[in-house]
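A.B. asks: Below: one structure in C-alpha cells.
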Amino acid sequence: MTERVPVGSCGKAHGIRGEIAVYTDVPEIYVAGCRLQSERGSFTVTASRPHKGHLIVAFEEISDRTTAEGVRNLELVIDSNQRPELSQDEFWVSSLVGLQAQDRGGSQLGIISGVVTTEAQDRLVVDTGHGQVEVPFVPELVPEVLETHVVVDPPVGLFD
C-alpha cells in the first residue's frame, strides 16, 4: 500500500470565489490538474499563485466562500509516489520524523518528533525523553541523514 504524505493545509478563504490560502513546503505540486486527498474527499487544483508566504489555491470542487471556509484547517495529502523528486540535500518531513538523533559517537540523543520550517532556517525537533530540543538543520550541526538515524554534532550545552 502506498503511504500518504501531507503536502499542505487549508487556511482561511480568500475572496468570494472559493479560493483558499494553502500553507505548504511543496508549492510546485499545486498546478492545474493536481488531485489532492483529504479526510473530506479529493480536490483538484484549477489554479494557484503565491501570496504573502503561502499560496492562494482554487479547487474545482469549491466555488464559493462559504464552502471554502468549511475546509479551513483541513490537511491535504498525496500518495508518496506522487511527490516531486528532491535534490540530494532535501528531505521530506515525513521521512525525518521518527528517526533517531545520534551524536557522532553513536549515542542516542532522542527521536525526531517534528521539523520547524521557516524562511531563514529549518530546525529538527528532537524529543529527548525529558523535553524537546530544536537543532538547526544545517550541515555543520547535522552532517548526515541516513535511513535509520540522523547524525547530530551539537554545540556544547545544546542537549544539557
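The values are calculated or read from the model by the stated rules, or taken from the named source; none is laboratory data. Every value quoted in this text rests on a predicted model; they were computed, and no experiment measured them. As a convention, Cβ positions derive from the backbone with ideal geometry for all residues, glycine included, and neighbour counts pool all protein chains shown.
A.B. asks: Among I16, I20, which is hydrophobic (A, V, I, L, M, F, W, C) and touching a strand residue (DSSP E or B) at 6+ places or on another chain (Cβ under 6 Å)? Lay out the reasoning, then the answer.
C.D. replies: Details: I16 fails: touching a strand residue (DSSP E or B) at 6+ places or on another chain (Cβ under 6 Å).
Of the residues listed, the single one that is hydrophobic (A, V, I, L, M, F, W, C) and touching a strand residue (DSSP E or B) at 6+ places or on another chain (Cβ under 6 Å) is I20.
A.B. asks: If I filter region 110-125 down to residues being of a type in the set (S, T, N, Q) and without any contact (Cβ under 8 Å) to a residue 40 or more places away in the chain, which single residue comes out as nearest to D25 (Cα to Cα)?
C.D. replies: Going through the qualifying residues, I end up with T118.
A.B. asks: Could you list, in sequence order, the residues of region 67-109 that are without any contact (Cβ under 8 Å) to a residue 24 or more places away in the chain and either touching a His at 6+ places or on another chain (Cβ under 6 Å) or not in a loop (DSSP other than H, G, I, E, B) (or both)?
C.D. replies: Hits for region 67-109 are S95, Q108.
A.B. asks: Just the residues that are under 18 Å from G33 (Cα atoms) and either surrounded by 17 or more Cβ atoms within 10 Å (Cβ to Cβ) or of a type in the set (V, I, T) (or both), please, taken from region 59-75. If you could, list the steps in order and put the result at the bottom.
C.D. replies: At the first step, the residues of region 59-75 found to be under 18 Å from G33 (Cα atoms) are 59-63.
Passing the criteria: F59, I62.
A quick yes/no check of all residues on (1) among the charged types (D, E, K, R); (2) touching a Pro at 6+ places or on another chain (Cβ under 9 Å):
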| site | (1), (2) |
| --- | --- |
| L76 | no, yes |
| D79 | yes, no |
| L99 | no, no |
| G105 | no, no |
| G110 | no, no |
| D122 | yes, yes |
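A.B. asks: Go over the candidates I78, I56 one by one and state the one that is assigned by TED's automatic domain parsing to the domain that holds I20, surrounded by 13 or more Cβ atoms within 10 Å (Cβ to Cβ), modelled with pLDDT of 95 or more and β-branched (V, I, T).
C.D. replies: On the way: I78 fails: modelled with pLDDT of 95 or more.
Within the list I78, I56, the selection yields I56.
A.B. asks: Let me ask another. Check R49 against each of (1) outside any loop (DSSP other than H, G, I, E, B); (2) surrounded by 13 or more Cβ atoms within 10 Å (Cβ to Cβ) and name the one condition it does not meet.
C.D. replies: Against the list (1) outside any loop (DSSP other than H, G, I, E, B); (2) surrounded by 13 or more Cβ atoms within 10 Å (Cβ to Cβ), R49 comes up short only on (2).
A.B. asks: Scan region 21-46 for residues that are of a type in the set (A, V, I, L, M, F, W, C) and over 15 Å from the mean Cα position of the chain (by Cα) and jot them down. Before the answer, list the steps.
C.D. replies: First, the residues of region 21-46 that are of a type in the set (A, V, I, L, M, F, W, C): 21-22, 26, 29, 31-32, 34, 36, 43, 45.
Matches in region 21-46: A21, V31, A32, C34, F43, V45.
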